[in-house]
Each structure stands twice: as structure tokens, then as C-alpha cells.
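Have a look at the structure below, then the notes.
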Amino acid sequence: MTNSDFNVRFAPSPTGELHLGGARTALFNWLFAKHNKGKFFLRIEDTDTKRSKDIYTDQILDSLSWLGLSWDEPLVYQSNRLEDYKVHIKSLLSSGQLYHCFCSKNDLDDAKDKGHYKYPGTCRDLDADEIKTRLNQGISFTYRVRIPDGHTKYKDMIYGPIEVDHKELDDFIVIRSDGSPTYNFTAVIDDHYMDISHVIRGEDHVSNTPKQIILYKALGFDVPEFAHLPMILGVDGKRLSKRHGAAGVQTFREEGYFPESLNNYLALLGWNPGTEEELFSLDELIHNFDIHKVQKKGAIWDEKKLHWISGQHIMKTGTDSIIDKIRSKDPDWGKGSSISYLISIIELLKVRAKSLSEFISQSDYFFKSPSSYDQKALQKAWTQNSVNDTIRLLMDNLSTLGSWRKEHLQNSFDLFVKEHSMGLGKIIMPIRLAVCGTLNGPALYDILELLGKDESLKRINVALKELPKK
């Protein structure tokens with residue numbers, strides 16, 4: 001396919017959306033190829049016709065494109081290569097390295113009940129006449145690899161030397177009884193014809209590697225280098241899954257995370273640049289990436305760390321660019337407001353938001369008065385009628401202010417609490433609740449200045465009429 005010395009591939013099965021583990025595997029393959037000026041190929045492993053769906057294929061391709069992980073042509077679909085696999089079955093049969101297995105599921109279950117946890121080799125030495133008789137009787141069969149005596153040794157680029165005694169291996173199936181090929185068989189054939197030099201995948205594939213090396217050698221193919229990535233784990237130390245709140249890539253996109261934020265965080269799950277640096281662009285990741293710096297220990301998914309990294313990327317993004325991104329997600333956002341007003345809103349929220357969705361949700365009160373008040377905030381800030389008396393006194397001061405700049409507002413608030421011998425929270429929280437409907441958000445003085453005097457006082461007056469709610 002190519003003369004490059006560094007050809008890698010990402011080979012997802014389209015049985016679901018691209019999950020975080022798959023995205024991390026794709027990213028590490030892509031970074032390895034780019035760092036070494038090699039090629040990154042994509043192969044869709046869709047031979048499981050019952051579970052593979054076009055909608056998932058489209059979603060995987062879309063997610064990779066969104067992440068910026070472009071692939072080299074051709075894009076390979078295994079479902080288009082079934083005839084090619086048959087050629088190699090004939091070759092392996094003629095050399096005696098495959099054999100027909102006529103064992104039914106019941107036969108295999110009986111063998112397990114008798115303590116045979118590996119295939120006991122029941123059909124391994126059937127003679128040609130017996131095979132012919134059973135074929136003529138229409139008995140269904142699989143093709144199994146005749147595992148040779150000996151050991152398989154290879155040097156994993158992450159885990160180091162690995163050696164497996166062939167006595168530990170089953171004579172594994174390469175063609176099922178329905179004629180469909182298995183993963184270990186198709187992966188070897190396709191990796192060979194795609195000129196894959198390095199196979200980088202999750203450590204859950206370690207058990208497949210010796211079987212595949214046996215097939216490479218049986219077929220006379222060159223054996224690629226292997227690197228097995230540590231698993232991504234939840235905080236409980238178990239493999240990351242939906243029960244840990246781990247969404248697929250598409251969900252992060254829909255929530256408005258920046259692709260560079262997700263790439264940055266995924267890169268740090270198992271890879272250490274060897275420095276204290278934690279913020280990287282894709283180009284910086286390409287420059288710094290070294291597969292030998294991937295750690296053996298499982299990487300713990302840390303949502304707080306993702307949010308921090310996401311926030312840092314947002315802080316480095318131009319305000320105009322953020323507005324464009326928000327409007328591509330929600331074309332009606334900020335409609336009717338001046339661009340200077342929108343810029344001011346983004347500047348206030350930049351230090352708090354971790355995604356475009358948060359910009360949208362957190363900016364709601366800049367465009368309209370609260371239609372309701374957060375109940376928890378209400379319990380904290382405005383439960384007694386005495387709050388109304390305090391806020392009315394404050395309103396007398398605010399309504400006479402000649403300047404509505406934040407520093408003058410702060411001075412007015414400070415003088416008020418001093419005169420009335422109370423804590424600042426006694427007025428900050430009710431005013432924030434009245435103006436925003438929530439206690440969360442940027443500094444109150446910034447909000448009031450941006451909303452303006454008339455709008456701010458109007459909202460406070462509405463709250464005085466409606467609160468507290470019994």
C-alpha cells in the first residue's frame with residue numbers, strides 16, 4: 001500500500017459509537033504516524049453483519065473527523081474483502097495448518113464439563129476419509145488453526161519482552177460454521193495487505209497477539225511490531241464504562257467541548273511527555289509524542305482534569321472564535337444583541353465555562369429576566385420577609401447612583417453593609433438571585449454593570465414582589 005516504514009491503523013467495529021477508549025487508541029496511532037512521518041489508515045471491521053450498522057460507521061468517521069484525526073486512503077471495509085480471505089484459507093488447508101472441526105456447541109460444552117477449558121483437539125487428527133464422510137453428511141464445521149509446538153516471543157513496545165508457551169493456546173477458530181471469518185484471521189490478512197508496520201491497540205488484545213503471530217508465520221508474512229496501550233479505568237479501578245459516566249465522543253461534541261481539549265486530555269491518559277507540561281495543541285502533541293513514554297499502568301479517567309484542560313483551551317481561544325462556535329451550535333444565541341455586548345458576556349464567562357453548552361446555559365440571564373428562581377438558592381438567600389426590607393433599603397442607595405460602573409457598585413455595597421453592620425453575603429446573595437435566578441456566575445458587580453442600571457433595578461423590583469415564596 002505504501003513504502004512508509006511507519007504504517008499504523010485504527011480498526012473499529014461499527015457496533016456502537018466511538019467510545020473514549022477507541023478515540024484514545026485512534027489518537028495514539030495518529031500521533032505515532034505523524035511524529036514518524038508515516039501513514040495512518042482506517043479499517044472498518046464490519047464482518048459481524050448482525051451487529052454492524054451503517055449509522056455507527058458514519059458516526060465513527062464523523063467523530064474522527066471532528067477530532068481532526070484524518071486518515072490516509074484507502075479506507076478499508078472488511079465486508080468487501082471476504083473473497084480475499086477464502087484464498088488464504090485454501091492455502092493454510094493445503095499446508096496442513098488448518099483443519100476441519102465438526103464439534104457442535106454441545107460437544108464443546110460437554111468437554112468443558114469434563115474439565116477441558118481449552119479445545120481438546122477432538123477433530124485435530126481426523127483422516128481424509130472421515131472428513132469427506134462428514135462433509136457429505138452435511139455436518140456443519142469450523143476451521144481451526146493447528147497450533148504448533150513451541151513458544152511465541154515478541155517485544156512489546158510498551159510492556160517489553162513477552163513469551164507465551166503454545167501449550168496455553170487453543171487451536172482457535174478462523175472460520176465459523178456460518179462461513180464468516182474471525183477477528184484474529186481477518187486482522188492478520190488485512191494488516192499484511194495494508195503494509196501495517198506497527199499494531200498499536202488496547203492491552204485487552206495481548207491474548208490475541210501470539211495467535212496472530214502464529215498466523216503471520218503460517219502465511220509467510222512479516223510480523224509487525226506490537227504496542228499494547230493500558231486500559232482507561234474508572235475511579236474504582238475497573239475498566240471505564242457508561243456506569244462511570246463515560247460518554248462517547250459524539251456526546252462530548254454535542255455538549256460543545258473543543259476537539260483540541262478532548263485530544264489533549266486523551267493524550268495524557270497513559271502517556272507522559274516527561275515534563276510538567278499538560279496543555280498541548282495537536283501540533284505540539286505530534287512533536288512530543290513518543291510511544292515508549294506510554295506507561296504500563298492503567299490510566300484513571302478524571303473528569304475534573306478534563307474540565308480543567310477544557311477551560312484552559314477556552315481561555316486561550318479568541319472571543320470572536322468562541323462566538324462563532326456558539327452560533328454554529330445555536331444560531332439564535334444572542335440574537336438582537338450588539339456584538340460588543342456578546343463579547344463582554346464571553347469575556348465574563350471564559351474563566352468558568354468548560355464547553356459551548358455551558359456558555360449557552362450560563363449566559364441565559366444576560367438576555368432575559370429570570371422566569372423562576374433556583375429552589376436551593378432560594379432556601380439559602382431569600383427565605384424571610386426581612387430580606388425584602390434589607391433589599392428595599394439597598395435599592396434606595398442604588399437608585400441614586402450616578403455611575404453604574406462595577407467599582408462604584410462595589411463601593412455602594414461596602415458602605416451599605418458597614419452602615420447596617422451586616423455581612424456582605426446578606427445583600428450579595430439576594431441581589432444575585434433576583435438578577436440571575438441562581439447563585440452561580442461571574443462577579444455580581446460585573447453582571448450588574450453589563451446588564452445596566454435600568455434592567456438590574458427592574459429585576460430586583462420583580463423579585464421584591466415575588467419573594468420569598470412560601
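What to note about this one:
- The stretch 328-340: number of residues that are without any contact (Cβ under 8 Å) to a residue 40 or more places away in the chain and either assigned to a helix (DSSP H, G or I) or open to solvent by 80 Å² or more (accessible area, probe 1.4 Å) (or both): 7
- Count - residues of the stretch 453-469 that are open to solvent by less than 20 Å² (accessible area, probe 1.4 Å) and either small (G, A, S) or closer than 20 Å to S338 by Cα (or both): 2
- Residue match in the stretch 35-46 (condition: closer than 21 Å to L262 by Cβ, touching a residue at least 24 places away in the same chain (Cβ under 8 Å), surrounded by fewer than 20 Cβ atoms within 10 Å (Cβ to Cβ) and of a type outside the set (V, I, T)): yes
- Residue match in the stretch 99-119 (condition: within 30 Å of G138 (Cα to Cα), touching a helix residue (DSSP H, G or I) at 6+ places or on another chain (Cβ under 6 Å), surrounded by 12 or more Cβ atoms within 10 Å (Cβ to Cβ) and of a type outside the set (A, V, I, L, M)): yes
- Within the stretch 312-327, residues that are within 12 Å of I345 (Cα to Cα) reach partners that are at pLDDT 95 or above and open to solvent by less than 10 Å² (accessible area, probe 1.4 Å) with beta carbons closer than 6 Å, at six or more positions or on different chains, in the pairs T319/I346; I322/I346; I323/L342.
- Residue check, I189 surrounded by 15 or more Cβ atoms within 10 Å (Cβ to Cβ) and either of a type in the set (A, V, I, L, M) or over 30 Å from G298 (Cβ atoms) (or both): yes
- Filtered residues of the stretch 192-217 (kept if of a type outside the set (V, I, T), assigned to a helix (DSSP H, G or I), open to solvent by less than 30 Å² (accessible area, probe 1.4 Å) and in contact with a strand residue (DSSP E or B) (Cβ under 8 Å, 6 or more places away or on another chain)): P210, L215
- The set of residues from the stretch 120-152 being surrounded by 15 or more Cβ atoms within 10 Å (Cβ to Cβ), modelled with pLDDT of 95 or more and assigned to a loop (DSSP other than H, G, I, E, B) comprises C123, L126, F141, R146, I147.
- Candidates are the residues of the stretch 14-34 that are polar (S, T, N, Q) and modelled with pLDDT of 95 or more; the one that is most open to solvent (accessible area, probe 1.4 Å) is T25.
- G234 being open to solvent by less than 60 Å² (accessible area, probe 1.4 Å), closer than 30 Å to T186 by Cβ and within 17 Å of the chain's Cα centre (by Cα): no
- Helices (runs of 4 or more DSSP H) contained in the stretch 400-470 and holding at least 3 residues out of contact with any strand residue (DSSP E or B) (no Cβ under 7 Å at 6 or more places or on another chain) and within 20 Å of K368 (Cβ to Cβ): 425-436, 444-451, 453-466
- Just one of (1) surrounded by fewer than 14 Cβ atoms within 10 Å (Cβ to Cβ); (2) of a type in the set (D, E); (3) more than 25 Å from the chain's Cα centre (by Cα); (4) not in a loop (DSSP other than H, G, I, E, B) fails for D324. It is (3).
- Hey, S70 closer than 20 Å to P181 by Cα and not aliphatic (A, V, I, L, M) or not: no
The values are calculated or read from the model by the stated rules, or taken from the named source; none is laboratory data. What you see is a predicted model, and the numbers here were worked out from it, not measured in a lab. So basically every Cβ, Gly included, is an ideal-geometry build from the backbone, and we count neighbours across all protein chains shown. Remember, those area values only see protein heavy atoms, side chains included, never the ligands or the DNA or RNA. Shrake-Rupley method; radii C 1.70, N 1.55, O 1.52, S 1.80 Å.
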